[in-house]
1. Determine which lysines satisfy two conditions relative to LYS73: a Cα distance under 24 Å, and not lying fewer than 8 residues away in the same chain.
2. Along Cα→Cβ, 7 Å out, is where each label goes; now give me the distance between the ones at THR27 and ASP67 in nm to one decimal.
3. Ignoring everything except DSSP H segments at least 4 long, calculate the 222 nm mean residue ellipticity for the chain; use -39,500 (n - 2.57) per segment, divide by total residues, nearest 500.
4. Out of ASN81, ASN30, PHE115, whose Cα points farthest toward the positive end of the dipole of the chain (charges: +1 Lys, Arg; -1 Asp, Glu; placed on Cβ)?
5. Which value results when the Cα radius of gyration for the stretch 1-119 is divided by 2.2 N^0.38 Å?
6. Leaving out ligands, DNA and RNA, and with a 1.4 Å probe, what % of the accessible surface on the stretch 1-119 is carbon or sulfur?
7. Tell me the label-point distance for the pair ASN56, GLU102, using the 7 Å Cα-to-Cβ offset, in nm and rounded to one decimal.
8. Just how large is the dipole of the chain about the Cα centre, in debye to the nearest 20, putting +1 at every Lys and Arg Cβ and -1 at every Asp and Glu Cβ?
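The values are calculated or read from the model by the stated rules, or taken from the named source; none is laboratory data. Small disclaimer: the values here were computed from a predicted structure and weren't measured. Note: ideal-geometry Cβ built from the backbone for every residue, glycine included; neighbour counts use all protein chains shown. Each accessible area value is taken on the protein alone, full model and side chains, heavy atoms only, with ligands, DNA and RNA left out. Shrake-Rupley method; radii C 1.70, N 1.55, O 1.52, S 1.80 Å.
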Amino acid sequence: MMDDMIQMVEKAIETSLHWQETGWPVTFGNRQVEVSNLKAAEALPRNAVYRDEAINYWRQVRLTGEDTAAAGKKALEALKNGDICAAYDALYLCQYLEIPFEADAKTWRPVYEAFMAKCA
């Protein structure tokens, strides 16, 4: 019954672990310079006014991705063990942690919503 959910969670875990690499369009500074991943942020000139802001943003993306992946692994284990309540808790946490980046990351909310629809 939950085999498709297991696949969705596995994909979301892998995706969130690489958010800082794959990235998305984000702009920084008064000139709205696009810096779309951590590597690009770290490559900015040291005298770029928005460099620290961009690096901090993408490092936070990395940390959040790691946190959501860890919770996703708990959801995955719970799904494999048939523990729907634990899976719900973990998937809720994933989508909650993703909120600051949800508009761009679009990873955990669809998984959570699919899970909720399956359980309805």
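1. Answer for LYS73, where 24 Å is the Cα cut-off: LYS11, LYS106, LYS118, listed by chain and number.
2. A separation of 2.8 nm, rounded to one decimal place.
3. Working: 7 runs with 85 residues, N = 120.
Only helices count here, giving -22000 deg cm²/dmol.
4. Toward the positive end, the furthest listed residue is ASN30.
5. On the way: Rg = 16.2 Å, N = 119, 2.2 N^0.38 = 13.5 Å.
That ratio works out to 1.20.
6. On the way: 3530 of 6950 Å².
It is 51 percent, rounded to a whole number.
7. 2.4 nm
8. 300 debye
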